[in-house]
Amino acid sequence: MTLQHVYGANGTAESYAFSFPIDQETDIQVLIDNVEQLSGFAVLGGANPGGGAVVFLAPPAAGKTILIRHRGRVAVSSADASSGYLADKLAAGAGVSLSVAADADGRQTLTIAASAVDGALQAEQNLADLTDKAAARDTLGVFSTTQVTDAITASAALDLKKASNLSDLASVEQGRINLGVSSTTQVNDAIAASAALDVKKAQNLADLADKALARANLGVYAKAEVYAKAEADAAHADRALSNLTSAASARTNLDVLSSTQVNDAIAASAALDLKKASNLADLDDKAAARANLDVYAKGEYDTIYADRIQVNNAISSVTTQIDTLKTNLAMTILRMIANAGSSYMGMVAGWADEFEDQTGIDTGGSTDQIYDSTNDYYSNVAEQNNITAFATGTTTTANLTNLTQLHDGNTGSSGFTYISASGNYFGVTYAANRPFSKLRFYHVSMNGRIKDFKVEALVLGVWTKVSITGWADGATVKSTDEATCSNVNGWNTVTFPPVSGANGIRVYCTSVPWSNGDSDTVITEMEVFETTAATNMTMKSIAKTADAAPTQGRVTLVVDPQVAVTYGTDNRIRMSRDGGTTWVTGTMVTEAVNLDFPGGHTVDVVTAAFDFTGTPSGTSMQVEWSTFNNKHQLLHAWYPEWKI
């Protein structure tokens with residue numbers, strides 16, 4: 001017998017009672033989650049017939065299972081053994097057998113043993129007692145992992161697996177499809193449909209005593225009918241060679257010529273130009289044979305082919321040169337109208353536009369294009385003059401005055417004066433990140449000149465020099481980094497790649513004195529521009545009418561990428577001959593990079609060709625330029641043209 005109590009710990013209770021008597025504390029066994037506890041508790045109530053309690057020094061954790069049980073010690077006296085009552089003291093539990101043997105005097109001997117359990121795995125049958133694992137698996141009737149894996153692999157080639165049959169499919173119809181069978185309804189329908197067939201079992205020879213009816217059902221002739229029809233035919237046995245005494249009639253029937261007729265025909269062919277004696281087989285003179293056959297010799301063909309390759313190469317070279325001339329002509333015209341400040345200019349079979357104004361652009365049909373009227377280009381990034389005052393957060397060196405007037409919109413007010421010393425700078429700092437890309441200042445030379453011009457941006461707390469990409473507004477072009485500016489009065493513009501995340505910008509300048517020793521140089525106004533985030537723009541031209549429907553088109557583009565771009569991926573050029581209903585995309589080819597363009601710009605020259613084959617005919621010509629992937633790009637000019 002087993003006396004025990006099971007409790008679930010709540011994390012706060014320390015004492016757990018038991019209701020059975022014990023002789024001493026060691027009679028109690030304590031387990032937490034089936035792990036016997038040897039310390040950390042005290043047992044109360046020894047020798048108390050009403051039981052006692054187990055008190056833990058610390059409460060067991062919540063959720064733990066506490067088992068308190070009697071170790072099973074039972075007191076047995078000699079009187080029990082001698083009087084025959086020993087077996088009454090114990091009751092056999094599951095898996096235990098008790099046997100009692102009595103001697104001649106009636107004394108009992110009690111034997112306790114584990115009883116066999118049906119289906120149990122005995123020690124001699126499991127892995128623990130067998131060194132041979134294969135024998136153990138045979139005993140257990142199981143497969144090894146290798147055997148299971150091999151069986152699974154081998155089953156991969158089977159067409160019909162569990163996943164393909166009815167056992168895993170809720171849809172019976174899908175199961176029939178997997179198994180490639182028909183339902184009983186489908187089979188019955190097919191049998192019913194066959195009722196309209198002409199030839200069935202009941203209608204063929206096997207079931208019909210009437211052979212004539214069988215032949216009618218099968219649509220065939222009897223032998224006699226075949227012979228009769230053969231006799232009625234014009235060409236049959238009695239009209240062939242076997243039954244004709246007239247050879248001429250036989251030849252007529254067989255539609256052949258006699259040997260005499262053949263020889264006569266050969267003799268008559270003597271006047272023909274091409275005969276056996278006239279071809280290569282019977283002529284030693286191959287040249288005469290080729291003349292008869294009207295063909296070229298191999299050497300002649302090779303010469304002609306080589307000449308043709310030279311002609312094709314010459315044509316290709318001329319075509320390339322013509323394309324280069326077209327590009328140069330387009331660039332010459334675009335430069336001329338840019339220098340002249342001309343707007344949209346119509347040409348024969350085309351037009352030229354350097355965007356002096358927006359006359360040639362369909363602004364209503366374009367999206368997100370930003371027109372810069374000062375520099376005459378279209379961009380997908382806007383520049384804004386976002387500095388409102390230089391008084392707040394201004395950073396300068398000594399001897400620089402009147403900073404509050406540096407951004408008051410008045411070029412006549414005094415900004416500040418430089419002295420003849422290196423390292424003088426002026427600028428502004430901000431808390432917010434600003435992507436600066438351009439600054440311009442209004443310079444008034446009193447008695448000096450600006451020298452050693454340099455721009456720095458404050459990024460992540462460090463002043464870093466930026467690379468100046470050019471001067472504009474009529475100023476003399478200087479070196480790219482440490483620019484030296486002579487006495488240029490008026491607005492001077494400096495551009496540079498956008499500096500993202502800048503918290504400030506400052507300019508270094510030194511004033512160089514004139515011969516009289518004075519070196520005053522006055523800056524009366526300064527503006528710093530920041531760029532907005534790049535977007536994707538699409539700009540379309542206005543339509544120009546061609547004299548007739550063009551078959552091919554071409555365009556020359558003047559592009560100024562502000563970041564690295566891939567032509568054809570980060571942008572696109574298209575042309576239409578039906579007023580923008582149908583567009584043809586051109587493949588762009590970079591003809592030149594870093595080419596000078598009026599206004600101090602450095603540009604790429606890109607061309608694209610268009611083939612209108614297979615597109616709707618029309619004479620309303622338009623071009624469309626698009627940018628992608630939010631890459632900052634400037635379009636300075638284009639020259640579309642076409643061929644009729």
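The values are calculated or read from the model by the stated rules, or taken from the named source; none is laboratory data. The model shown is predicted, which means the values in this text are computed figures rather than measured ones. With ligands, DNA and RNA removed, areas are computed over all heavy atoms of the protein, side chains included. Shrake-Rupley method; radii C 1.70, N 1.55, O 1.52, S 1.80 Å.
General observations
- Rounded percent of accessible protein surface that carbon and sulfur make up, the range 523-598, 1.4 Å probe: 45 percent
- Accessible area of the range 305-383 belonging to carbon and sulfur atoms, whole % at 1.4 Å probe: 53 percent
- Full-extension gain in nm, GLN37 to ALA289, via 0.36 nm per residue minus C-alpha separation: 79.0 nm
- Looking at the range 553-644, the accessible area is 38 square angstrom per residue; that uses a 1.4 Å probe and ignores ligands, DNA and RNA.
- 3J(HN,Hα) couplings calculated from phi for the range 333-344 with the Karplus curve 6.51 cos²θ - 1.76 cosθ + 1.60 (θ = phi - 60°) are, in sequence order, 5, 5, 5, 4, 6, 5, 5, 7, x, 8, 8, 3 Hz; Gly and Pro show x.
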